[in-house]
Structure formats: structure tokens, C-alpha cells
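J.: Just dropping this structure here.
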């Protein structure tokens, strides 16, 4: 990566400091559709999520390969993981410690098995956001950061994108 691109990456990474990972997860919202638990977010909303996330990540990956190359993409994903992997895990751990056992999935602990997948999802989302930033083209994945900054997990989309709203934990 060139110096300007490295600078953009570092600025993006610095912007992740202090994100309250999962601090508002499960709380009601007037803005978002809030799912009952992580299993509902993961299972019931997977198809709509893929319908919105996948075309954007595929287009972004193709562009990034052409502009900065695979090695730079790998570097970005590694740097994001190094920078926020631990805080994201800690935020998710705190969510699971405080979440009520109010649904069948939480009562039997079925949701606990999704921890690593959720962490991977957050890291993937923000890695693509970092790629958008490095390319100087903030878009969908950078917009996810606003939701994460609110202490939510954007797990899907309700409605025809860009109309509609995020589905969150």
C-alpha cells in the first residue's frame, strides 16, 4: 500500500477506538428492527443479509483487487482483526453475561454457539469498511460503523435496499 493508503487505514482504525461493542444489543429501538436474540438474527435474517451484504462485498472486492491488490486487502483484514478483535470479543462476552434468558434460544444457550461467527462477521464488516476507506470510497460498509458505534450488531436489512432499515441485535 502507498503511504496515503496506509494513512487512511490508520485513521479508520483510530476511529474504532472507544466503540461500545454490543453495549445496546437487545435494547428496544425506534430506528431499527431489533431481533429477539442472536439465533434469530443469524438464522431468520441470513437470506436478507446476504441479499444486501454479498453484492456489495463482491463488487468491493473486485474493485480493491484491481486498485490495491490481494496483498493489501489481506493486510487490511489483518490490521482490523489485530486492532479490534479483542475489544469485539469482550463486548460480545459482556452482552452474553447480561442478556436475559427470555427466549427459547437464550434459555437453552443455543445462542452461545454463535460467538465466534458473530465476531468474524463484525471483523469482516469493518475490514470491508477499512477497504472502502483506503480506496477513498466510503460506502455501505463504512455506514455499518454508525450502527456499531451505537452499541448494536447490524445483522441484516429489512426492506429493499437502500429503502428500509437495519435489523440489529
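J.: Within segment 51-69, count every residue that is more than 17 Å from residue 142 (Cβ to Cβ), surrounded by 12 or more Cβ atoms within 10 Å (Cβ to Cβ) and out of contact with any strand residue (DSSP E or B) (no Cβ under 8 Å at 6 or more places or on another chain).
T.: The total comes to 2.
J.: Name the one entry in 135, 126 that is surrounded by 23 or more Cβ atoms within 10 Å (Cβ to Cβ), in contact with a helix residue (DSSP H, G or I) (Cβ under 7 Å, 6 or more places away or on another chain) and closer than 16 Å to residue 80 by Cβ.
T.: Just a single option satisfies the conditions, and that option is 126.
J.: Give me the residue from segment 62-72 that is touching a residue at least 24 places away in the same chain (Cβ under 8 Å) and part of a helix (DSSP H, G or I) and, out of that set, farthest from residue 134 (Cα to Cα).
T.: Within segment 62-72, the match that is farthest from residue 134 (Cα to Cα) is 63.
J.: Considering only segment 83-103, how many residues are within 18 Å of residue 155 (Cβ to Cβ), in a helix (DSSP H, G or I) and in contact with a helix residue (DSSP H, G or I) (Cβ under 7 Å, 6 or more places away or on another chain)?
T.: Qualifying residue count, segment 83-103: 5.
J.: While we're on this one: Looking at 106, 75, which is the one that is touching a residue at least 12 places away in the same chain (Cβ under 8 Å), surrounded by 12 or more Cβ atoms within 10 Å (Cβ to Cβ) and either more than 25 Å from residue 41 (Cα to Cα) or in contact with a helix residue (DSSP H, G or I) (Cβ under 7 Å, 6 or more places away or on another chain) (or both)?
T.: 75 is the lone residue from the list that is touching a residue at least 12 places away in the same chain (Cβ under 8 Å), surrounded by 12 or more Cβ atoms within 10 Å (Cβ to Cβ) and either more than 25 Å from residue 41 (Cα to Cα) or in contact with a helix residue (DSSP H, G or I) (Cβ under 7 Å, 6 or more places away or on another chain) (or both).
J.: Going by the conditions given, is residue 80 assigned to a helix (DSSP H, G or I), modelled with pLDDT of 95 or more, within 21 Å of residue 114 (Cα to Cα) and more than 16 Å from the chain's Cα centre (by Cα)?
T.: No; evaluated as a whole, the condition is false for this residue.
J.: Go over the candidates 115, 152 one by one and state the one that is farther than 30 Å from residue 4 by Cβ and out of contact with any helix residue (DSSP H, G or I) (no Cβ under 8 Å at 6 or more places or on another chain).
T.: Going through 115, 152 in turn, the sole match is 152.
J.: Looking only at segment 116-169, which residues are free of Cβ contacts under 8 Å to residues at least 40 places away in the same chain, within 21 Å of residue 10 (Cα to Cα) and in contact with a strand residue (DSSP E or B) (Cβ under 7 Å, 6 or more places away or on another chain)?
T.: Within segment 116-169, 144 is the sole residue that qualifies.
The values are calculated or read from the model by the stated rules, or taken from the named source; none is laboratory data. As the structure is a prediction and not an experimental result, all values here were calculated from the model. Virtual Cβ from ideal backbone geometry, glycine too; neighbours counted across all protein chains shown.
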